[in-house]
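The values are calculated or read from the model by the stated rules, or taken from the named source; none is laboratory data. Here the structure is a predicted model, which is why all the values come from computation and not from measurement. Ideal geometry is used to build each Cβ from the backbone, glycine not excepted, and the neighbour counts take in all protein chains shown. Just the protein is used for accessible areas: all its heavy atoms, side chains included, with ligands, DNA and RNA removed. Shrake-Rupley method; radii C 1.70, N 1.55, O 1.52, S 1.80 Å.
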Number of protein chains: 2
Amino acid sequence: MTKTRTAVHHDASSSSGDPQAIGRMVTSYDVAKLAGVSQSAVSRCFTPGKSVSERMRTKIMRAADELGYQPNAIARMLITKRSNLIAVIVSNLSVNPDFASILSQHMIERGLNLLFFTLDQDADADRAIQQLWQYRVDGVISAAELSVEQIGVLRERGIPLVFINRLYDVMGANSVGCDHAEGEGWLIEKLVSAGHSRFGIVAGPEASVVSRMRLRGALDKLAALGCAAPQVVHSDFTYAGGREAMRGLCGGKKRPDAIVCANDLMAIGCIDEARLALSLKVPDDVSVVGFDGYAPGQWGGYQLTTVRQPVASMVKAAVDMLVARIEEPSMATEKRVFSGELVEGSSARID
Amino acid sequence: MTKTRTAVHHDASSSSGDPQAIGRMVTSYDVAKLAGVSQSAVSRCFTPGKSVSERMRTKIMRAADELGYQPNAIARMLITKRSNLIAVIVSNLSVNPDFASILSQHMIERGLNLLFFTLDQDADADRAIQQLWQYRVDGVISAAELSVEQIGVLRERGIPLVFINRLYDVMGANSVGCDHAEGEGWLIEKLVSAGHSRFGIVAGPEASVVSRMRLRGALDKLAALGCAAPQVVHSDFTYAGGREAMRGLCGGKKRPDAIVCANDLMAIGCIDEARLALSLKVPDDVSVVGFDGYAPGQWGGYQLTTVRQPVASMVKAAVDMLVARIEEPSMATEKRVFSGELVEGSSARID
DNA sequence: CTATTGATTGCATTCGGATGCACTGATATG
DNA sequence: CATATCAGTGCATCCGAATGCAATCAATAG
């Protein structure tokens, strides 16, 4: 039986006059045939940690090289039930551009590959979850918000999940994040102690968890320091949104002397609006602070005072946590919270 | 035999006291058993275009829903030899941040999924190629430069490849790109006809194909218009690199009156350097133009004159071309070149 | 010299869905 | 009424690598 099969394989591969020319895949049987060993031997040879004699290894490797053989990950996945695939979910407005790049490096080091999903519409999340399940990914890293139901689906199916930059209090949702409230508190402290008293806050969308945490941090600190309640407007995390928000905040009679933005991009918008449209000097007339560590915020024209999120540490932690969970599924749910790093730029008057 | 097998499956799944709780996967056999039909029927039911009666379809679908069945893409891939996976290769400095997002949308529409590779080190490219081959991706879109050997490997293995934003003249390399030379020519024309005569060019790295094409376009047009040879410096496509290049160009006695940058980010760096360090007015003292359509370039402070690459069209074309090639592998190699769109901002004096 | 141990190796089976083939009815045609 | 046609269906097999088990063989121990 096995012999027949091997023969068939050989026949097929030797009929190289195949016009389609895509050439039948080289399989472990082909290598086995050429090396004069069994298919099992070839398989073991390509599976780290299996016992193979040196003689056999070199024989097989020579044959494999000659044929250009690479194990078929698909077939391997089917039997081992390990795909070495990690699904990464990002929403279009989320995150840092180099997030994907950093993540990718960590994956490479661990021999994992990235199945990438972006969410533009709400329906996309369900589709993504369906797809990643069909591909039997080993785990999921999400930089986008998911509904409780969606998290539940992953939980039921036993797919390890780690949120990055979103701290959830949903059962089974591991997460890695930045302490938004703490960082926002630092900014407020700095601003208050430098004498600012009329605060304007440009928050993100009401639905954004991240925005809510940052807002809460700011409000709590202001209250703790006995400051007057700030003027709060909600925007959309974009540059244009920041400009518009600034226009709104400075329209009234008592213009704020400090603007606290939920992210750097909006802060940049605020600065541009202040300088270009409102003829205000930053930071002399108004201080502006952001949150994130978005690279353009550090350009010469802005030099934003902000809290930089430790993206590299967060990504590393997320991958570590995910891998740990894959290897030990019963692990307890865990949150890892990193402090941000205060960046004192010249966009705010803080002595 | 089949019955035995089905029975085994059922036994396993009914022993739900399983502590590991990851719960055996639900297979088409389970669904077939519950619906009282054959496994083939279930398979046909989930394969578009196969003939199944309405009665059977509803029966099967009900059973599938009840068990939460989703076909296992891995097993399907193994037999159909179609993974519905597209590898996307980007180098860390390449491209537009929203490139991935746009691409993802097109993929979703076609039922394809994205296997994502970023190249940070040179060795990464070979690793990526090895991996994507192991996963038997249906095709590759590369926004990074690959060596002729690497392209050759893909060709030999019959994996369709489309470059995006890199036009190659290598056999078998399909590509989609922007007409860099043309766009650069437009910019030069505008600048010359507005009276600029002393040109400084900030090119990208010498090795960058894109940079070379843009440089060539500028030089050719300048020569065609009978202008004096410009001063050319090579930089690295970064903000800091742009600033440094500007410092270099303006160090001599005869300062250029127009700076042509190989991308927008460097142009932004040039503008900041001019304004903040050299106390030059842009565009009064010096005009600066870029290339790309990088969003921050359009912020109020910069309003860059540039050529916007039609990213959306390019991505769509790349996906179309790739899909066509997957379906008809013998298709001739093709290049699709899009014209950019001239954006006349206020960073250059062009009347 | 024989028994024991442990490292290699091959065989047969398995993963889960797709599909060629043969078979069943039912409808359409002459 | 006999026959051609065809949509539906089940059976058996296949895709390509991993692995439990048994067999083999060499080396060490007694």
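Measure off, as a whole percent, the carbon and sulfur share of the 1.4 Å-probe accessible area of the protein assembly as shown, all protein chains present.
Roughly 52 percent of what the probe reaches on the protein assembly as shown is carbon or sulfur.
Summing Lys, Arg as +1 and Asp, Glu as -1, what charge do residues with Cβ under 14 Å from the Cβ of residue A:222 carry, residue A:222 excluded?
Details: positive: A:190, A:198, A:214, A:216, A:221; negative: A:184, A:189, A:220, A:257.
After counting each charged neighbour, the total is +1.
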Inset, instruction - Determine the distance separating the Cα centre of the stretch A:266-322 from the Cα centre of the stretch B:297-351; give it in Å without decimals. - result: 29 Å
Inset, instruction - Can you check what the net charge comes to around residue A:336, using other residues whose Cβ is under 15 Å from the Cβ of residue A:336 (Lys, Arg +1; Asp, Glu -1)? - result: -1
Legend entry - Most mobile of A:75, A:295, A:64 in a GNM of chain A (Cα contacts under 10 Å): A:64
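Suppose a student asked you for the relative contact order of the stretch B:194-351, using Cα pairs under 8 Å spaced at least 6 residues apart; what percent would you report?
Relative contact order, the stretch B:194-351: 21 percent.
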Inset, instruction - Work out the charge dipole of the protein assembly as shown with +1 on the Cβ of Lys and Arg and -1 on the Cβ of Asp and Glu about the Cα centre, then indicate which of A:245, B:175, B:225 is farthest towards its positive end. - result: B:175
Inset, instruction - Round to the nearest 10 and give me the degree value, 0 to 90, for the angle of helix B:148-157's Cα axis relative to the longest principal axis of chain B. - result: 20 degrees
Legend entry - Intensity falloff of the stretch B:160-231 expressed as log10 I(q)/I(0), Debye formula with alpha-carbon point scatterers, at q = 0.14, 0.15, 0.24 Å⁻¹: -0.49, -0.55, -1.04
Legend entry - Rounded Å value of the spacing that divides the Cα centres of the stretch B:174-218 and the stretch A:128-186: 45 Å
Legend entry - From the C-alpha gyration tensor of the stretch A:214-351, square roots of 5λ in Å: 34, 17, 13
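Can you list which of the GluC sites (Glu not before Pro) found in the stretch A:133-181 are DSSP loop residues with at most 14 other C-beta atoms within 10 Å?
none
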Legend entry - Debye, to nearest 20: dipole size of the protein assembly as shown, +1 on Lys, Arg Cβ, -1 on Asp, Glu Cβ: 2020 debye
Legend entry - Rounded to 5, the percent of DSSP beta bridges in chain B classed as antiparallel: 10 percent
Legend entry - Sites excluded, trypsin sites (Lys or Arg not before Pro) in DSSP loops with at most 10 other C-beta within 10 Å, longest stretch of chain B: B:1-252
Inset, instruction - Work out how much length residue A:120 to residue A:149 would gain on full extension: take 0.36 nm times their residue separation and subtract the Cα-Cα distance, in nm to one decimal. - result: 8.6 nm
Inset, instruction - Could you order A:51, B:40 by accessible surface area, starting with the largest, using a probe radius of 1.4 Å? - result: A:51, B:40
Legend entry - Only Lys, Arg (+1) and Asp, Glu (-1) charged, at Cβ; chain A dipole about Cα centre in debye: 1120 debye
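Around residue B:262, under 12 Å between beta carbons, what's the net of Lys plus Arg minus Asp minus Glu among the other residues? Working shown, then result.
Numbers: positive: B:212, B:214, B:216; negative: B:184, B:206, B:236, B:264, B:292.
Cβ neighbours under 12 Å give a net charge of -2.
Based on alpha-carbon positions alone, could you give the equivalent ellipsoid semi-axes of the protein assembly as shown from the gyration tensor, as √(5λ), descending, whole Å?
Details: eigenvalues 499, 252, 88 Å².
Each semi-axis is the square root of five times an eigenvalue, giving 50, 36, 21 Å.
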Inset, instruction - Sticking with the crude label model, points 7 Å out along Cα→Cβ, report the distance from residue A:233 to residue B:79 in nm, one decimal please. - result: 6.0 nm
Legend entry - Tilt relative to chain B, helix B:311-327 - C-alpha long axis, 0 to 90 degrees, to 10: 40 degrees
Inset, instruction - Work out the charge dipole of chain B with +1 on the Cβ of Lys and Arg and -1 on the Cβ of Asp and Glu about the Cα centre, then indicate which of B:84, B:291, B:72 is farthest towards its positive end. - result: B:72
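Rounded, prolate or oblate for chain A? Axes are the square roots of the Cα gyration tensor eigenvalues, ordered a ≥ b ≥ c, and the cut-off for rounded is a/c under 1.5.
In terms of gyration-tensor shape, prolate.
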